[in-house]
Amino acid sequence: MTGDQFGEALFLVILGGAVLVWFIAQNRLSLGRVAQQALIWVLIFVGVIAAVGVWDDIRTTVTPRQTVHADSQQITVPRSRDGHFRLTLMINDQPIPFLVDTGATQIVLTREDAERAGLDPANMIFSGIAMTANGEVRTAPVRLDAVALGPFVDHRVGAWVNGGELEQSLLGMSYLQRWSSVSFQGDTLVLDR
């Protein structure tokens, strides 16, 4: 610690001590009440910090999920808070979250999701070109051994791996067309086989 830093620290300690002495002198007749209120505020701050720390867990638990109606050959998906429809598919026995994108022609995986599904982006040939909102990106064609949504499984499904930055994998029309009916009923996406 340099001399300047030591001087600044000493000044802050003296200033803090002076404020503390003044506070005690002002509240000397009601120190028990002041201590009680200070403890309440400390507990409020700790509670807020704890709530912020577990917010993602709470939100995941409360958020509605996709529902499988196997007897009627139907999947229903509620609209998420951001206005999009999201599905989790099993790609090669790995759960991969997708954003349903009716404007996308194909299934498009992020590099990370492709790796989780057992594909190696290092061995892919990024020969395709796709136009996105962020400009032109390179893509690599792949074949997915198994794509499962609930009890419905498709084999040898064509997809693309995005060579650029992509926040989430996209579930495009090439997959949605495998369903006999895709409809939007209010805030619900309904897929029928």
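Nothing in this text is a laboratory measurement; each read-out follows from the coordinates by a stated rule. Remember, it's a predicted structure, so these values are computed and weren't measured experimentally. Cβ coordinates were reconstructed from backbone atoms using ideal geometry, including for glycine residues, and neighbour counts include every protein chain displayed.
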Restrict the check to the range 141-158 and report whether at least one residue is assigned to a loop (DSSP other than H, G, I, E, B) and in contact with a Gly (Cβ under 8 Å, 6 or more places away or on another chain). no
Restricting the range 1-27 to residues that are exposed (fewer than 10 other Cβ atoms within 10 Å of the Cβ) and not in a helix (DSSP H, G or I), which is farthest from the chain's Cα centre (by Cα)? 2
Look through the range 98-117, keep the residues that are part of a loop (DSSP other than H, G, I, E, B), in contact with a strand residue (DSSP E or B) (Cβ under 7 Å, 6 or more places away or on another chain) and of a type in the set (Gly, Ala, Ser), and return whichever of them is farthest from residue 162 (Cα to Cα). 117
